[in-house]
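For reference, the structure discussed in these notes is given below.
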Amino acid sequence: MSETPVKPETEEIDLLELTKKIWAKRRFIIKYALIGAVAGLVIGFSLPKEYTSSVKMAPEEGKSNKTSNMAGLAALAGFDLSGAGGVDGINLMLYPDVVQSTPFIVELSQIPVQPKKSGKLSLYDYIGTELSSPWWGYIISAPAKVIGWVMSIGQEKEAVGSGINPKALTREQAQVLEGLSKRINISVDKKTGVITASSTMQDPVVAAAVTDSMVRKLEEYMGDYRTEKAKRDLAFTQESYQSARESYHETQRRYASYMDATQNVARQSVRAEQERLRNEQTLAYGVYSQLAQQLEMAKLKVQEQTPCVTIIEPAGVPTRKSNTSKAVILIAFTFLGAFAASGIVVVKDLFFKKENPDEGTGIGDNPSLS
């Protein structure tokens, strides 16, 4: 005869009973909520104000209309750009990598800014000396500053604000540049192709200046990236053109001089030399003329491959703070304190039940022991 397996007893949580117990501990929960509110006030008033300035731009992507325009312009001048190929747009995901690269950050750190509370200085000095931190930031960074001060005893002080070598940064330079990189951001909307560049600073004027400079330097970087090969080809063609031009002028002078010297001479050898010099002049002119056309094509190619960026929304001086408001911090910490107190009540109740399963049951209540 098989025995019916005994199902383990499942412990169910009585929500009504749990709510009553939490209500009974309401003074305890209110006390923790007040502690959280005080902590929220302290944190909210300790955080420095931050301002964010942003720019929205639409860079060139895919085939450009400039290809047909340049081809038409070249056709009017007698050149053929049909085999030059189209203009491929820059991969949009390359923009964030460029902005966060060390050479770009180093170059951006040298721009001049003028905060309201101080005079004109470089962005590097502003990040390193003008930014304020909450009081706990000074406590956390105190040991590292003491160690750095001890290690710098006996060493000469470096001029870290200028002459920064991106390939050999000092510890202080790396910290300042890392702080700057965290304050600039660039995001790409893959659907629309719109790029949003922003910077967050404690001074609204500085934030606008940094964002504007970041966009301009980004355009320069991407322009150099796109036109690097075309510029090298242009330089080579320019050099070849100058050489062909000098060669043509030299053969032209020699031919003219020889013709002047032998104008009344009717010997066959003189005519043969005149023919040879004329052929050299013609050949030199052909090379010179062809390189002149290639030079104009190379110039058009550089202009054709220069990326075009349309600014949809320019950088402006922000008037509102971008960091979390004090009211939100106060509400969040108050709720966190109340939630933590309620959790303590619930956890204590659950552990109390597990540790005292026979609570309220005495030995005399057990009929098997009577």
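Gln263 fails exactly one of the following numbered conditions: (1) open to solvent by 60 Å² or more (accessible area, probe 1.4 Å); (2) in a helix (DSSP H, G or I). What is the number of that condition?
For Gln263, the exception is condition (2).
Residues in segment 223-251 that are over 23 Å from Met297 (Cβ atoms) and surrounded by 16 or more Cβ atoms within 10 Å (Cβ to Cβ): how many?
Of the residues in segment 223-251, 1 are over 23 Å from Met297 (Cβ atoms) and surrounded by 16 or more Cβ atoms within 10 Å (Cβ to Cβ).
Could you list all residues from segment 16-40 that are within 29 Å of Thr324 (Cα to Cα), in contact (Cβ under 8 Å) with a residue 24 or more places away in the chain and open to solvent by 80 Å² or more (accessible area, probe 1.4 Å)?
Ile30, Lys31, Leu34, Ile35
Those residues that are assigned to a strand (DSSP E or B) and either free of Cβ contacts under 8 Å to residues at least 12 places away in the same chain or hydroxyl-bearing (Ser, Thr, Tyr) (or both), I need them from segment 177-196; list them, please.
Once the filter is applied, which keeps residues that are assigned to a strand (DSSP E or B) and either free of Cβ contacts under 8 Å to residues at least 12 places away in the same chain or hydroxyl-bearing (Ser, Thr, Tyr) (or both), segment 177-196 yields Ser187, Thr196.
Given the criteria closer than 14 Å to Lys56 by Cα, surrounded by 13 or more Cβ atoms within 10 Å (Cβ to Cβ) and touching a residue at least 60 places away in the same chain (Cβ under 8 Å), does Thr200 qualify?
No; evaluated as a whole, the condition is false for this residue.
For segment 197-220, give me the residue count where each residue is β-branched (Val, Ile, Thr) and either touching a helix residue (DSSP H, G or I) at 6+ places or on another chain (Cβ under 6 Å) or not in a helix (DSSP H, G or I) (or both).
Final tally of qualifying residues: 1.
With the requirement that a residue be open to solvent by less than 60 Å² (accessible area, probe 1.4 Å) and among the basic types (Lys, Arg), what does segment 278-317 give you?
Within segment 278-317, Lys301 is the sole residue that qualifies.
Inside segment 1-119, counting only helices (runs of 4 or more DSSP H) that do not spill past its ends, which hold 2 or more residues that are modelled with pLDDT of 80 or more?
So the answer is 15-24, 26-46, 94-99, 102-108.
Filter segment 175-191 for residues that are among the polar types (S, T, N, Q) and closer than 18 Å to Thr52 by Cα; which is surrounded by the fewest Cβ atoms within 10 Å (Cβ to Cβ)?
Ser187
The values are calculated or read from the model by the stated rules, or taken from the named source; none is laboratory data. All of these numbers come straight from a predicted model, not from anything done at the bench. Ideal geometry is used to build each Cβ from the backbone, glycine not excepted, and the neighbour counts take in all protein chains shown. Side chains included, ligands, DNA and RNA excluded: accessible areas come from the protein's heavy atoms. Shrake-Rupley method; radii C 1.70, N 1.55, O 1.52, S 1.80 Å.
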